[in-house]
Amino acid sequence: MEGSTDSAGHTLDWAVRAGFADNLEELSKLANSDISDEHMYFVPAFYGISNPINDPSASAVAIGMTHNTKKNDFVKAILESTGFRATQILDALYEDTNLYPTDIYVDGNASKCDYMLDFLSRVSKCKIHRPYTLEMTSLGAAFLAGVASGFWTQEELADIRKVDAVFDSKLEEEELQYRKGKFDDALQRSLKWNEMAIESKSNFYIAILVLIVVVILMKVF
């Protein structure tokens, strides 16, 4: 079973390009430096919302801001949004299979962000493992080639993979359910925002397709 949020890396890249910070590590520091009780929520629907909601017309939303909201609060909401979305997929997995992981292994450039991984551990109730080598796609291809050629065994690979950090933070259950509920509320407000634009675009493509079919039929007959 596979689930994708389609937005984790894009969301962090957007935060850097939008000027919240110069890099991912700075984003993490900004979020960690926020000691206020402000709780705003960010829905990273830059390309709609995928699993388990599946609404291509959804739009990115920031909600819950007050006159006390600072850049740190906004950055924290952006990073937390990736954890909320990942947990929605894990919850959907549990509903379909009655299975839920205890450990999550992450990689990629986004996994440089400590605050994001720590928050993911809090909302998912899982241990988050980050390897020393973040680009695991290319390393995985090398591992497979090594196993296929007999250079390594699968048991040896388990020793080669080194963990850089493990995040294992917890939230009180009441706070966890409250925060997840508030994010769900924010997400509901983002749905169908671009519905008319999506529908208009679909109608345009249907009209083009019909025109092409008509032209082909005229040439045939």
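The values are calculated or read from the model by the stated rules, or taken from the named source; none is laboratory data. These figures come from a predicted structure and were not determined experimentally. Note that we place each Cβ from the backbone using ideal geometry, even for glycine, and neighbour counts take in every protein chain shown. SASA here: full protein model, heavy atoms, side chains in, ligands and nucleic acids out. Shrake-Rupley method; radii C 1.70, N 1.55, O 1.52, S 1.80 Å.
Between Thr153 and Arg189, what is 0.36 nm times their sequence separation minus the Cα-Cα distance? Round to one decimal in nm.
That pair, Thr153 and Arg189, stretches by 7.9 nm at full extension.
For region 121-197, with equal point scatterers placed on the C-alpha atoms only and solvent neglected, what are the log10 I(q)/I(0) values from the Debye formula at q = 0.11, 0.12, 0.23 1/Å, to two decimals?
Debye output, listed in q order: -0.58, -0.65, -1.03.
When the Kirkwood hydrodynamic radius is evaluated over all pairs of different C-alpha atoms of region 103-150, what value in angstrom, to one decimal, is obtained?
For region 103-150, inverting the mean 1/r across all distinct Cα pairs yields 11.9 Å.
Please state, to two decimals, what the Cα-based radius of gyration of region 25-76 comes to when divided by 2.2 N^0.38 Å (N = residues).
The reported ratio for this selection is 1.34.
When the accessible area of the chain is computed with all protein chains present and a 1.4 Å probe, what percentage of it is carbon and sulfur?
That share works out to 57 percent.
Count neighbours as other Cβ atoms within 10 Å of each site's Cβ, and list the chymotrypsin sites (Phe, Trp or Tyr not before Pro) in region 140-198 that are DSSP loop with at most 13 such neighbours.
Phe151
After finding the eigenvalues of the alpha carbon gyration tensor for region 59-113, what semi-axes result from the square roots of 5 times each, listed largest first in whole Å?
Result for region 59-113: semi-axes of 28, 16, 9 Å.
For the chain, calculate the relative contact order in percent as a whole number, restricting contacts to Cα pairs under 8 Å that are 6 or more residues apart.
Averaging sequence separation for qualifying contacts and normalising by length gives 22 percent for the chain.
Quick check: residue separation of Thr66 and Asp13 times 0.36 nm, minus the Cα distance between them. What number comes out in nm?
16.6 nm
Could I have the simple spin-label model distance between Thr133 and Ile212, label points 7 Å from Cα toward Cβ, reported in nm to one decimal?
Inter-label distance under the simple model: 4.3 nm.
Write down, largest first, the equivalent ellipsoid semi-axes of the chain in whole Å, where each equals the square root of 5 times an eigenvalue of the alpha-carbon gyration tensor.
The three semi-axes for the chain are 34, 29, 17 Å.
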